[in-house]
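Trainee: If you scroll down you'll find the structure; I have some questions about it.
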Amino acid sequence: MGDYKSSIFIRVRLDVSLQERLKQKSKIRMVYICRRETFNASHKLYNPNWSKAKNEAMFGVCANENWHGHNFELVVTVKGIPDLASGMVMDYKVLSKIIRREIIEKVHYKNLNLDVDFLQNKMPSCEILIIEFWKKLAPAIQESNPRAQLHHLKLIETKNNFVEYMGEGLELYQDLSLHPATAEDAVLIVSGILKLTGSLSKK
Ligand SMILES: [Zn+2]
(Lines give C-alpha, C1' and ligand atoms only; values in the text may rest on other atoms or scores of the structure.)
Protein backbone atom coordinates (compact mmCIF):
# COMPACT_ATOMS: atom_id res chain seq x y z
CA MET A 1 0.00 0.00 0.00
CA GLY A 2 2.86 2.29 1.00
CA ASP A 3 4.63 1.60 -2.32
CA TYR A 4 1.47 2.43 -4.24
CA LYS A 5 1.20 5.83 -2.54
CA SER A 6 4.86 6.68 -3.07
CA SER A 7 4.65 5.69 -6.75
CA ILE A 8 1.75 8.13 -7.18
CA PHE A 9 3.80 10.77 -5.40
CA ILE A 10 6.81 10.17 -7.66
CA ARG A 11 4.60 10.27 -10.77
CA VAL A 12 3.06 13.58 -9.70
CA ARG A 13 6.51 15.01 -9.06
CA LEU A 14 7.71 13.79 -12.44
CA ASP A 15 4.68 15.31 -14.16
CA VAL A 16 5.28 18.63 -12.44
CA SER A 17 8.93 18.70 -13.47
CA LEU A 18 7.97 17.66 -17.02
CA GLN A 19 5.47 20.52 -17.17
CA GLU A 20 8.12 22.89 -15.88
CA ARG A 21 10.62 21.70 -18.49
CA LEU A 22 8.07 22.02 -21.28
CA LYS A 23 7.29 25.55 -20.07
CA GLN A 24 10.99 26.45 -20.11
CA LYS A 25 11.38 24.86 -23.54
CA SER A 26 8.45 26.82 -24.96
CA LYS A 27 9.97 30.05 -23.60
CA ILE A 28 13.20 29.25 -25.40
CA ARG A 29 11.32 28.59 -28.63
CA MET A 30 9.25 31.80 -28.47
CA VAL A 31 9.91 33.83 -31.60
CA TYR A 32 8.85 37.41 -32.35
CA ILE A 33 7.98 38.22 -35.95
CA CYS A 34 7.64 41.79 -37.19
CA ARG A 35 5.69 43.20 -40.14
CA ARG A 36 5.91 46.82 -41.30
CA GLU A 37 3.07 48.56 -43.14
CA THR A 38 2.80 52.20 -44.18
CA PHE A 39 0.00 54.70 -44.63
CA ASN A 40 -0.40 58.40 -45.43
CA ALA A 41 -2.98 60.39 -43.52
CA SER A 42 -3.88 63.88 -42.39
CA HIS A 43 -5.01 65.09 -38.99
CA LYS A 44 -4.92 67.96 -36.55
CA LEU A 45 -4.46 67.92 -32.81
CA TYR A 46 -7.36 69.96 -31.53
CA ASN A 47 -9.52 69.52 -28.44
CA PRO A 48 -13.02 70.93 -29.19
CA ASN A 49 -13.60 71.45 -25.46
CA TRP A 50 -10.81 74.04 -25.38
CA SER A 51 -10.53 77.55 -26.84
CA LYS A 52 -8.59 78.13 -30.06
CA ALA A 53 -5.90 79.94 -28.04
CA LYS A 54 -5.52 77.03 -25.62
CA ASN A 55 -5.28 74.55 -28.51
CA GLU A 56 -2.64 76.64 -30.23
CA ALA A 57 -0.68 77.01 -27.01
CA MET A 58 -0.81 73.24 -26.39
CA PHE A 59 -0.33 71.85 -29.89
CA GLY A 60 1.38 74.66 -31.84
CA VAL A 61 1.45 74.04 -35.60
CA CYS A 62 -0.18 70.62 -35.08
CA ALA A 63 -3.43 72.49 -34.25
CA ASN A 64 -3.48 74.12 -37.71
CA GLU A 65 -7.16 74.41 -38.63
CA ASN A 66 -6.61 73.21 -42.21
CA TRP A 67 -4.86 69.97 -41.23
CA HIS A 68 -1.38 68.59 -41.90
CA GLY A 69 -0.18 65.16 -43.00
CA HIS A 70 2.32 62.41 -42.23
CA ASN A 71 3.77 59.32 -43.88
CA PHE A 72 3.15 56.89 -41.03
CA GLU A 73 4.84 53.54 -40.50
CA LEU A 74 3.27 50.83 -38.36
CA VAL A 75 5.43 47.93 -37.15
CA VAL A 76 3.46 44.99 -35.75
CA THR A 77 5.24 42.35 -33.65
CA VAL A 78 3.55 39.01 -33.08
CA LYS A 79 4.90 36.31 -30.78
CA GLY A 80 4.47 32.56 -30.88
CA ILE A 81 6.19 29.18 -31.05
CA PRO A 82 7.02 28.29 -34.66
CA ASP A 83 5.10 25.37 -36.08
CA LEU A 84 7.69 22.68 -36.84
CA ALA A 85 6.10 21.61 -40.13
CA SER A 86 5.83 25.09 -41.68
CA GLY A 87 8.62 26.71 -39.65
CA MET A 88 6.34 29.70 -39.10
CA VAL A 89 4.84 31.52 -36.13
CA MET A 90 2.38 33.04 -38.56
CA ASP A 91 2.34 33.46 -42.33
CA TYR A 92 3.52 37.02 -43.13
CA LYS A 93 0.97 37.20 -45.96
CA VAL A 94 -1.85 36.49 -43.50
CA LEU A 95 -0.49 38.99 -40.96
CA SER A 96 -0.19 41.66 -43.65
CA LYS A 97 -3.74 40.97 -44.80
CA ILE A 98 -5.05 41.41 -41.24
CA ILE A 99 -3.16 44.69 -40.69
CA ARG A 100 -4.41 46.01 -44.03
CA ARG A 101 -8.01 44.95 -43.42
CA GLU A 102 -8.20 46.19 -39.81
CA ILE A 103 -6.11 49.38 -40.07
CA ILE A 104 -4.49 50.43 -43.35
CA GLU A 105 -7.57 50.33 -45.58
CA LYS A 106 -9.40 52.48 -43.04
CA VAL A 107 -6.72 55.15 -42.55
CA HIS A 108 -4.69 55.35 -45.79
CA TYR A 109 -5.29 58.67 -47.59
CA LYS A 110 -7.85 59.59 -44.94
CA ASN A 111 -8.43 62.44 -42.53
CA LEU A 112 -7.97 60.80 -39.12
CA ASN A 113 -10.22 63.36 -37.38
CA LEU A 114 -13.14 62.92 -39.77
CA ASP A 115 -13.04 59.79 -41.93
CA VAL A 116 -12.27 56.84 -39.68
CA ASP A 117 -15.17 55.12 -37.89
CA PHE A 118 -13.16 53.84 -34.90
CA LEU A 119 -11.48 57.25 -34.35
CA GLN A 120 -14.66 59.34 -34.20
CA ASN A 121 -14.54 61.96 -31.41
CA LYS A 122 -11.04 60.89 -30.44
CA MET A 123 -7.80 62.86 -30.39
CA PRO A 124 -5.75 61.43 -33.28
CA SER A 125 -2.41 61.72 -31.50
CA CYS A 126 0.04 58.85 -32.01
CA GLU A 127 -0.63 57.67 -28.45
CA ILE A 128 -4.39 57.35 -28.98
CA LEU A 129 -3.93 55.92 -32.50
CA ILE A 130 -1.68 53.13 -31.29
CA ILE A 131 -4.09 52.10 -28.51
CA GLU A 132 -6.99 52.06 -30.98
CA PHE A 133 -4.90 50.03 -33.43
CA TRP A 134 -4.11 47.52 -30.66
CA LYS A 135 -7.82 47.12 -29.86
CA LYS A 136 -8.44 46.19 -33.51
CA LEU A 137 -5.38 44.03 -34.16
CA ALA A 138 -5.05 41.92 -30.98
CA PRO A 139 -8.38 40.05 -31.33
CA ALA A 140 -8.08 39.76 -35.14
CA ILE A 141 -4.62 38.13 -34.91
CA GLN A 142 -5.71 35.79 -32.12
CA GLU A 143 -8.81 34.76 -34.07
CA SER A 144 -6.84 34.08 -37.23
CA ASN A 145 -4.11 32.06 -35.51
CA PRO A 146 -4.47 30.85 -31.90
CA ARG A 147 -0.70 30.11 -31.83
CA ALA A 148 0.10 33.79 -32.38
CA GLN A 149 -0.35 36.76 -30.06
CA LEU A 150 0.08 40.48 -30.66
CA HIS A 151 3.14 41.48 -28.63
CA HIS A 152 4.16 45.01 -29.58
CA LEU A 153 3.18 47.93 -31.82
CA LYS A 154 5.36 50.77 -33.02
CA LEU A 155 3.85 53.75 -34.81
CA ILE A 156 6.30 56.10 -36.47
CA GLU A 157 4.99 59.57 -37.27
CA THR A 158 8.30 61.20 -38.20
CA LYS A 159 11.91 60.07 -38.17
CA ASN A 160 12.28 61.52 -34.68
CA ASN A 161 8.82 60.95 -33.19
CA PHE A 162 7.33 57.51 -32.65
CA VAL A 163 5.33 55.63 -30.02
CA GLU A 164 5.28 52.03 -28.81
CA TYR A 165 2.55 50.07 -27.04
CA MET A 166 2.34 46.56 -25.58
CA GLY A 167 -1.31 46.43 -24.51
CA GLU A 168 -0.65 47.41 -20.89
CA GLY A 169 -3.64 48.76 -18.96
CA LEU A 170 -5.92 48.34 -21.96
CA GLU A 171 -8.95 48.06 -19.68
CA LEU A 172 -8.36 51.70 -18.64
CA TYR A 173 -8.52 52.80 -22.27
CA GLN A 174 -11.86 51.38 -23.39
CA ASP A 175 -13.42 54.80 -23.96
CA LEU A 176 -11.05 57.41 -25.38
CA SER A 177 -13.78 59.77 -26.59
CA LEU A 178 -13.34 63.52 -26.43
CA HIS A 179 -17.05 64.14 -25.83
CA PRO A 180 -17.71 67.54 -24.29
CA ALA A 181 -18.51 67.35 -20.58
CA THR A 182 -22.28 67.46 -19.99
CA ALA A 183 -24.35 68.14 -16.90
CA GLU A 184 -24.83 64.36 -16.61
CA ASP A 185 -21.05 63.85 -16.59
CA ALA A 186 -20.72 66.48 -13.87
CA VAL A 187 -23.29 64.68 -11.68
CA LEU A 188 -21.47 61.36 -12.22
CA ILE A 189 -18.09 62.88 -11.37
CA VAL A 190 -19.38 64.62 -8.22
CA SER A 191 -21.19 61.48 -7.00
CA GLY A 192 -17.99 59.48 -7.69
CA ILE A 193 -15.93 61.92 -5.62
CA LEU A 194 -18.51 61.86 -2.80
CA LYS A 195 -18.47 58.05 -2.76
CA LEU A 196 -14.68 58.02 -2.73
CA THR A 197 -14.34 60.59 0.07
CA GLY A 198 -17.11 58.77 2.02
CA SER A 199 -15.24 55.45 1.80
CA LEU A 200 -11.95 57.15 2.70
CA SER A 201 -13.38 58.88 5.79
CA LYS A 202 -14.72 55.50 7.05
CA LYS A 203 -11.16 54.07 7.02
ZN1 LIG B 1 0.72 65.51 -36.90
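Trainee: Which of the following residues is over 22 Å from Ile131 (Cβ atoms), in contact with a strand residue (DSSP E or B) (Cβ under 9 Å, 6 or more places away or on another chain) and among the small types (Gly, Ala, Ser): Gly69, Gly87, Gly80, Gly60?
Mentor: Residue meeting the stated conditions: Gly80.
Trainee: Next question, about the same structure. Is it the case that some residue within region 83-97 is within 16 Å of the ligand (Cβ to nearest atom), polar (S, T, N, Q) and either surrounded by fewer than 12 Cβ atoms within 10 Å (Cβ to Cβ) or under 17 Å from Leu155 (Cα atoms) (or both)? I'd like the intermediate steps shown before the answer.
Mentor: In the first step, residues of region 83-97 are kept if they are within 16 Å of the ligand (Cβ to nearest atom); the result is none.
Looking through region 83-97, none of the residues is within 16 Å of the ligand (Cβ to nearest atom), polar (S, T, N, Q) and either surrounded by fewer than 12 Cβ atoms within 10 Å (Cβ to Cβ) or under 17 Å from Leu155 (Cα atoms) (or both).
Trainee: All but one of (1) within 14 Å of the ligand (Cβ to nearest atom); (2) touching a residue at least 40 places away in the same chain (Cβ under 8 Å) hold for Ala63, so report the exception by its number.
Mentor: Condition not satisfied by Ala63: (2).
Trainee: Could you please find all residues in region 121-162 being charged (D, E, K, R) and over 11 Å from Leu176 (Cβ atoms)?
Mentor: Passing the criteria: Lys136, Glu143, Arg147, Lys154, Glu157, Lys159.
Trainee: Of Thr38, Thr77, which residue is under 26 Å from Pro139 (Cβ atoms) and within 16 Å of the ligand (Cβ to nearest atom)?
Mentor: From the options Thr38, Thr77, the qualifying one is Thr38.
Trainee: Still on this model: Just name the residue that is surrounded by the fewest Cβ atoms within 10 Å (Cβ to Cβ) out of those in region 122-152 that are part of a loop (DSSP other than H, G, I, E, B) and in contact with a strand residue (DSSP E or B) (Cβ under 7 Å, 6 or more places away or on another chain).
Mentor: As a first pass, look at region 122-152 and keep what is part of a loop (DSSP other than H, G, I, E, B): 123-125, 145-148.
Next, from what is left, pick out any that are in contact with a strand residue (DSSP E or B) (Cβ under 7 Å, 6 or more places away or on another chain): 124, 147-148.
Details: Pro124: 21, Arg147: 14, Ala148: 20.
Of everything passing the filter in region 122-152, Arg147 is surrounded by the fewest Cβ atoms within 10 Å (Cβ to Cβ).
Trainee: Would you point out which residue out of Leu114, Leu119, Leu155 is at pLDDT 95 or above, closer than 15 Å to Val76 by Cα and surrounded by 10 or more Cβ atoms within 10 Å (Cβ to Cβ)?
Mentor: So the residue among Leu114, Leu119, Leu155 that is at pLDDT 95 or above, closer than 15 Å to Val76 by Cα and surrounded by 10 or more Cβ atoms within 10 Å (Cβ to Cβ) is Leu155.
Trainee: So how many residues does region 106-117 have that are among the charged types (D, E, K, R) and over 18 Å from the mean Cα position of the chain (by Cα)?
Mentor: So the first thing to find is which residues in region 106-117 are among the charged types (D, E, K, R), and the list is 106, 110, 115, 117.
Those left that are additionally over 18 Å from the mean Cα position of the chain (by Cα): 110, 115.
Number satisfying all stated conditions: 2.
Trainee: Related question: Would you check which residues across region 154-178 are within 15 Å of the chain's Cα centre (by Cα) and within 16 Å of the ligand (Cβ to nearest atom) and list them?
Mentor: Leu155, Ile156, Phe162, Val163 - these are the residues of region 154-178 that are within 15 Å of the chain's Cα centre (by Cα) and within 16 Å of the ligand (Cβ to nearest atom).
Trainee: Taking region 41-57 as the search range and keeping residues that are in contact (Cβ under 8 Å) with a residue 12 or more places away in the chain and within 16 Å of the ligand (Cβ to nearest atom), which one is surrounded by the most Cβ atoms within 10 Å (Cβ to Cβ)? Show your work before the answer.
Mentor: First pass over region 41-57, keeping only residues in contact (Cβ under 8 Å) with a residue 12 or more places away in the chain: 41-49.
Next cut, within 16 Å of the ligand (Cβ to nearest atom) only: 41-47.
Values: Ala41: 21, Ser42: 17, His43: 25, Lys44: 20, Leu45: 19, Tyr46: 20, Asn47: 14.
Across region 41-57, the extreme among qualifying residues is His43.
Trainee: Please state which of the following conditions Glu65 fails to meet, knowing it meets all the rest: (1) loosely packed, with under 13 Cβ neighbours inside 10 Å; (2) closer than 30 Å to Pro146 by Cβ.
Mentor: Only one criterion is unmet by Glu65, namely (2).
The values are calculated or read from the model by the stated rules, or taken from the named source; none is laboratory data. Since we're looking at a predicted model, the values are computed, not measured. When we count neighbours, we look across all protein chains shown, and the Cβ atoms used for this are built from the backbone with ideal geometry, even at glycine.
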